[in-house]
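Q: Below are the C-alpha cells for one structure; questions will follow.
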Amino acid sequence: MSDILTGKVIIVTGAASGIGRAIAIAAAQHGAKAVIVSDVTETPREGGGPTTGEIEALGIATRFVRTDVSKHSEVDALVEVAAEFGGVDIMVCNAGITLRSDGADVAEVDYRRLMSINLDGVLFGAQAAARQMKSQKKPGSIILMASMGGIRGAGMTIAYSTSKGGVVLMAKALADALGPDGIRVNAVCPGAIDTHLLRTTPGIAEAAEGFRRRTPLRRLGKPSEIGDAIVWLGSDLSSYVTGIALFVDGGLLSVI
Ligand SMILES: NC(=O)c1ccc[n+]([C@@H]2O[C@H](COP(=O)([O-])OP(=O)(O)OC[C@H]3O[C@@H](n4cnc5c(N)ncnc54)[C@H](O)[C@@H]3O)[C@@H](O)[C@H]2O)c1
C-alpha cells in the first residue's frame, strides 16, 4: 500500500487476534522491514500462524513469539528477538483483557490479573523497547493501547477503565522521560471496535449497539482502522507527535 515503514522493525503484542493482528498486517502492508507477532498463545481466535502467514505472503520478514506480557522476563526475551533484525523501531503494547465481571465489587484476583496484563504488561513492553532503542542509539516510537474506557468511566468496567486511564498517563509520563533520547510515546484510544472482545464481554456486548448509535459516524470501527492509525504513529510522518492520546473512535468521545 505504501512504503512509509520501510526499514522499520515492529513488535506487536496480543497480535494473534483482533486489533493486534490488524496492526501487524497493516505494518506489513506499509512496508515494514520485519513484523514480530507476539501473543500469549499461538491459537487465540484467528491465530499466530495465519497472521504470520499473511505477512509472509506480502514478502515481509516475520516471526511468531509466544509471550505472556505480565511476565517481565518473557517481555525482555521478546524484544531481544528484534535484535536479530537490527533492533526494534516501533513497539506496540496492545495486549489487553476485559473481565466477565468488572463492577464496583470486582474480585481482587480478577483485578490483579487484569492489571498485570493491561498495565504492568504495557510498562514492561515500553521499558524493554526503550532500553534497546537507547542502547542502539536509535530513535523510536512506542505506542500503548488504551481505550475510550481510559477517558470516560463506566460502572461495568471499573478495573478495565482504571487500567486504561493509567495507560494514557503512562504514555504522557514516558514521553517526557524518553523524549530526550528521540523516543516518542503515544497512547491510542479506540472507540467501539468490532472484535471478539467487544462481542463477548458481558456488559460491553450489550452496550455495543448503543455505542454504534451514539457514534457520529454511526458504525463500529474496524480493527484495520486502528492498524492504520498506528502505522501513522509508528512512521516518521508523526515525527513531532509525542505524549498524546489519539482517539480513533468515529467521534464517540467528542459527543455527550
Ligand atoms: N475491541 C474494542 O472495542 C476495543 C476498544 C478499546 C480498546 N481495545 C483494546 O485493544 C486491545 C486489543 O483488543 P481486541 O479487541 O483486539 O481484543 P482481543 O481479545 O481480540 O485481542 C487481545 C489479544 O491479547 C492477547 N492476550 C491476552 N492476555 C495476554 C497476555 N497475558 N500476554 C500476551 N497477550 C495476551 C489475547 O490472546 C488476544 O490475542 C486491548 O488492549 C483492548 O483493551 C479494544
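The values are calculated or read from the model by the stated rules, or taken from the named source; none is laboratory data. Being a predicted model, the structure only gives us computed values, none of them experimental. So basically every Cβ, Gly included, is an ideal-geometry build from the backbone, and we count neighbours across all protein chains shown. Accessible surface areas use protein heavy atoms only, side chains included; no ligands, DNA or RNA. Shrake-Rupley method; radii C 1.70, N 1.55, O 1.52, S 1.80 Å.
Q: Which whole-number percentage describes the relative contact order of the chain, with Cα contacts under 8 Å and a sequence gap of 6 or more?
A: 19 percent
Q: Please report the base-10 log of the normalised intensity I(q)/I(0) for the range 182-256, using a Debye sum with one equal scatterer per alpha carbon and no solvent, at each q in 0.13, 0.14, 0.18 (1/Å).
A: -0.44, -0.50, -0.75
Q: Quick check: the angle from helix 158-178's long axis to the longest principal axis of the chain, C-alpha only, nearest 10 degrees?
A: Compared with the principal axis, the helix lies near 30 degrees.
Q: Can you give me the Kirkwood hydrodynamic radius for the chain, using every pair of distinct Cα atoms, in Å to one decimal?
A: Result for the chain, one decimal place: 17.9 Å.
Q: Another one. Based on the Cα coordinates of the range 109-256, what is the per residue volume of their convex hull in Å³?
A: It is 111 Å³ per residue.
Q: With a Förster radius of 35 Å, plug the Cβ-Cβ distance of Glu42 and Ala107 into 1/(1 + (r/R0)^6) and report the FRET value to the nearest 0.05.
A: Between Glu42 and Ala107 the formula returns 0.75.
Q: Over all directions, average the projected area of the Cα convex hull of the range 20-166 and note it in nm².
A: Seen from a random direction, the Cα hull of the range 20-166 projects 8.9 nm² on average.
Q: Something else: Could you work out how far helix 204-214 tilts from the main Cα principal axis of the chain, as a 0 to 90 degree angle to the nearest 10?
A: Roughly 90 degrees between the two axes.
Q: Same structure, new question: Figure the gain on full extension for Arg100 and Glu84 (residue separation times 0.36 nm, minus the Cα-Cα span) and round it to one decimal in nm.
A: So the chain would gain 1.9 nm between Arg100 and Glu84.
Q: Please give the Cα centre distance for the range 96-116 versus the range 202-256, rounded to the nearest Å.
A: 23 Å
Q: State, to one decimal in nm², a quarter of the convex hull surface area for the C-alpha atoms of the range 95-150, i.e. the direction-averaged projected area.
A: Quarter of the Cα hull surface area: 4.5 nm².
Q: Quick check: with the 1.4 Å probe, what order do His30, His72 take by accessible area, largest first?
A: His72, His30
Q: On the protein heavy atoms, probe 1.4 angstrom, tell me the percent of accessible surface of the range 41-166 carried by carbon and sulfur.
A: 53 percent
Q: Hey, rough spin-label estimate for Arg199 and Met115, points 7 angstrom out along Cα→Cβ, what's it come to in nanometres?
A: So the two model labels end up 3.3 nm from each other.
Q: Anyone know which of Leu198, Leu217, Leu123 comes out most mobile in the 10 Å Cα GNM of the chain?
A: In this elastic network of the chain, the residue with the biggest mean-square fluctuation among Leu198, Leu217, Leu123 is Leu217.
Q: Tell me the per residue accessible area of the range 9-244 using a 1.4 Å probe; a whole number in Å² is fine.
A: Roughly 41 Å² per residue, with all protein chains present.
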